[in-house]
Amino acid sequence: MRESLKVSDILALGFMTFAFFLGAGNIIFPPLAGFLAGEHTMSAMFGFLITAVGLPLIGIIAVAVAGGGWKGLTRDLPASVATLMAVLIFIIIGPAFAAPRAGLVAYEMGFKPFLGDVGQFELTMFSIVFFAVAMFFSLSQGKLIDTIGKLLTPALFAALAVLAIAVVVNPQGDVAAAQGAYVDQAFTTGFLEGYNTMDTFAALMFGMLIVDVIRKKGITDQAKTCQYLIYAGVIAAAGLAFVYVSLFYLGATATGIAAGANNGGAILSAYVMALFGPAGQIILSTIIVLACLTTVIGLVSACSDYFSTLTKITYRQWVVILSIACAVVANVGLNQLIAISVPVLFALYPVAIALIALTFLRRFMPNPALAYRVVLGVSLVFALFDAAKVAGMDVSALKVLPLFNYGMAWLLPTVIALVAVRFAGESKGKSSHA
């Protein structure tokens, strides 16, 4: 019997993947970037789309090329190093940063506007309820594609489509002059802003979860599994690009109604209020809460799935543990959480990019084990310099490094390392296969 998924199941798989990616950062960062980029919005948006859409899609394809799992991606690294990398990434996209941030954004933009004077108690209660709902859906691991892809995502996408059409049909202002770093470095600033979505990390980890969902649908053939994984990535990338382009345009035309705004949430709120009046807040809250909820479900599920393979604790037990951890961390506060996460992203994002590049270039490496160690090591060392800079440390002595002022000191050394390992160990590699 030929293994295949129905078109409706493929679309649902793609929508599920889209919903997993579309979370807090994906909605609050593009409007601010467009707002600040102004007349340079196209350049900034192109840079942002590379790291927030292109890299996650390539990451999904890399997972497929590597055989659908983390072990395939890191087979040329020592097992302990590969496991440590995976654990760090899962902690970042799970209980430490991304998942709690999604809960906080849902509270700040989806719940708080309907209340008057709020404090820590309201945040705590919301966190408990929000992550309890996420936990409930995450426990139904085998039904993720039906729950997310066929139920929650269509509602989310419909709300986003209404907003996008309204922004294009009735923009609320003219595009203004660029501000800050976007005046002279629009492309690179947009490129680095895409880090904040954390979606390249998520792609490497969601890939494993999506493979698991595909197999639970009865697909066991490796080639078919990879094919459907790539389909899901393409559908998700198309959806993300649609959302980002509309949100960038929203931000770029918001200067008249959101003057002085310093975050994407405030810009979105002002714009939606101008477009739809009081009912607009309900539309925005629906978008935010659904986007954040579906992402948290994906993150908790992916983390639990992986951690259950490392320990004797079951998947369902990990879901409970991680949901509680996310609720606790969410009470730190949104601004503090973002401030802490940015240096970590600058340190580890280049490593994820290098790992994806190596996955596609591995066949050309005469000594893959050496290549992975050298390239990932170089990318990490130089990325730490960029992380130190954004953390506020005095690193003025490092200004001589190429692209350091752009926050990309890692790029040239990593490319040089990739070229060097293409030839390093070539003779040894050939003799060992003789």
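The values are calculated or read from the model by the stated rules, or taken from the named source; none is laboratory data. The shown structure was predicted, so the numbers you read here are calculated from the model rather than taken from an experiment. Ideal geometry is used to build each Cβ from the backbone, glycine not excepted, and the neighbour counts take in all protein chains shown. Just the protein is used for accessible areas: all its heavy atoms, side chains included, with ligands, DNA and RNA removed. Shrake-Rupley method; radii C 1.70, N 1.55, O 1.52, S 1.80 Å.
Name the residue that is nearest to the chain's Cα centre (by Cα), counting only residues in the stretch 51-67 that are over 24 Å from Glu193 (Cβ atoms) and of a type in the set (Val, Ile, Thr).
Val63
Within the stretch 195-213, can you find the residues that are over 19 Å from the mean Cα position of the chain (by Cα) and surrounded by fewer than 23 Cβ atoms within 10 Å (Cβ to Cβ)?
Within the stretch 195-213, Asp212 is the sole residue that qualifies.
Any residue that is over 15 Å from the mean Cα position of the chain (by Cα), closer than 30 Å to Leu268 by Cβ and polar (S, T, N, Q) - is there at least one of those in the stretch 68-88?
no
Is the stretch 288-300 home to any residue that is of a type in the set (Ser, Thr, Tyr), farther than 23 Å from Leu36 by Cα and surrounded by 21 or more Cβ atoms within 10 Å (Cβ to Cβ)?
Checked the stretch 288-300: at least one residue is of a type in the set (Ser, Thr, Tyr), farther than 23 Å from Leu36 by Cα and surrounded by 21 or more Cβ atoms within 10 Å (Cβ to Cβ).
Cβ-Cβ distance below 8 Å, separation of 6 or more or different chains: which pairs start in the stretch 355-383 with a residue that is modelled with pLDDT of 90 or more and among the hydroxyl-bearing types (Ser, Thr, Tyr) and end on one that is part of a helix (DSSP H, G or I) and open to solvent by 40 Å² or more (accessible area, probe 1.4 Å)?
Sorted first by the residue in the stretch 355-383, then by its partner, the pairs are Thr359/Val65.
Search the stretch 371-402 for residues being outside any helix (DSSP H, G or I) and open to solvent by 70 Å² or more (accessible area, probe 1.4 Å), and hand back the single one that is nearest to Pro343 (Cα to Cα).
Met393
Does Leu49 meet the test of being farther than 26 Å from Gly377 by Cα, at pLDDT below 85 and among the aliphatic types (A, V, I, L, M)?
Answer is no for this residue.
Note down all Cβ pairs under 6 Å where the first residue falls in the stretch 150-177 and is more than 14 Å from Thr294 (Cβ to Cβ) and open to solvent by less than 50 Å² (accessible area, probe 1.4 Å), the second is modelled with pLDDT under 85 and not hydroxyl-bearing (Ser, Thr, Tyr), and they're at least six residues apart or on different chains.
That search, which allows pairs on different chains as well, returns Gly173/Gly256.
Out of Ser43, Ser4, report the one residue that is open to solvent by 10 Å² or more (accessible area, probe 1.4 Å), touching a helix residue (DSSP H, G or I) at 6+ places or on another chain (Cβ under 8 Å), farther than 30 Å from Thr220 by Cα and polar (S, T, N, Q). Give the derivation first.
Numbers: Ser4 fails: farther than 30 Å from Thr220 by Cα.
The unique qualifying residue is Ser43.
Name, by its number, the condition in (1) among the aliphatic types (A, V, I, L, M); (2) open to solvent by less than 40 Å² (accessible area, probe 1.4 Å); (3) more than 20 Å from Phe46 (Cβ to Cβ) that does not hold for Ile235.
Tallying (1) among the aliphatic types (A, V, I, L, M); (2) open to solvent by less than 40 Å² (accessible area, probe 1.4 Å); (3) more than 20 Å from Phe46 (Cβ to Cβ), Ile235 fails exactly one: (2).
Which one of Val320, Val342 is open to solvent by 10 Å² or more (accessible area, probe 1.4 Å), touching a helix residue (DSSP H, G or I) at 6+ places or on another chain (Cβ under 7 Å) and farther than 17 Å from Arg101 by Cα?
None of the other options fit; the residue is Val320.
Yes or no: the stretch 287-300 includes at least one residue that is closer than 26 Å to Leu139 by Cα, assigned to a helix (DSSP H, G or I) and of a type in the set (S, T, N, Q).
If we filter the stretch 287-300 for residues that are closer than 26 Å to Leu139 by Cα, which is where we start, we get 287-300.
Now drop any that are not assigned to a helix (DSSP H, G or I), which leaves 287-300.
Retained after the next criterion (residues that are of a type in the set (S, T, N, Q)): 294-295.
Checked against the condition, which is being closer than 26 Å to Leu139 by Cα, assigned to a helix (DSSP H, G or I) and of a type in the set (S, T, N, Q), the stretch 287-300 yields at least one hit.
At pLDDT 80 or above and out of contact with any Cys (no Cβ under 8 Å at 6 or more places or on another chain): does that describe Phe187? I'd like the intermediate steps shown before the answer.
Values: at pLDDT 80 or above: yes; out of contact with any Cys (no Cβ under 8 Å at 6 or more places or on another chain): yes.
Against the criterion (at pLDDT 80 or above and out of contact with any Cys (no Cβ under 8 Å at 6 or more places or on another chain)), Phe187 qualifies.
Which residue is farthest from Pro31 (Cα to Cα), if the candidates are limited to the stretch 261-282 and must be open to solvent by less than 10 Å² (accessible area, probe 1.4 Å) and over 22 Å from the mean Cα position of the chain (by Cα)?
Among those residues, the one meeting the criterion is Gly280.
Among the residues that make up the stretch 327-335, is at least one of them more than 20 Å from the chain's Cα centre (by Cα) and open to solvent by 60 Å² or more (accessible area, probe 1.4 Å)?
yes
Name the residues in the stretch 46-86 that are among the β-branched types (Val, Ile, Thr), surrounded by fewer than 21 Cβ atoms within 10 Å (Cβ to Cβ), in contact (Cβ under 8 Å) with a residue 12 or more places away in the chain and more than 30 Å from Tyr249 (Cα to Cα), would you?
Listed by number, the residues that qualify are Val65, Thr83.
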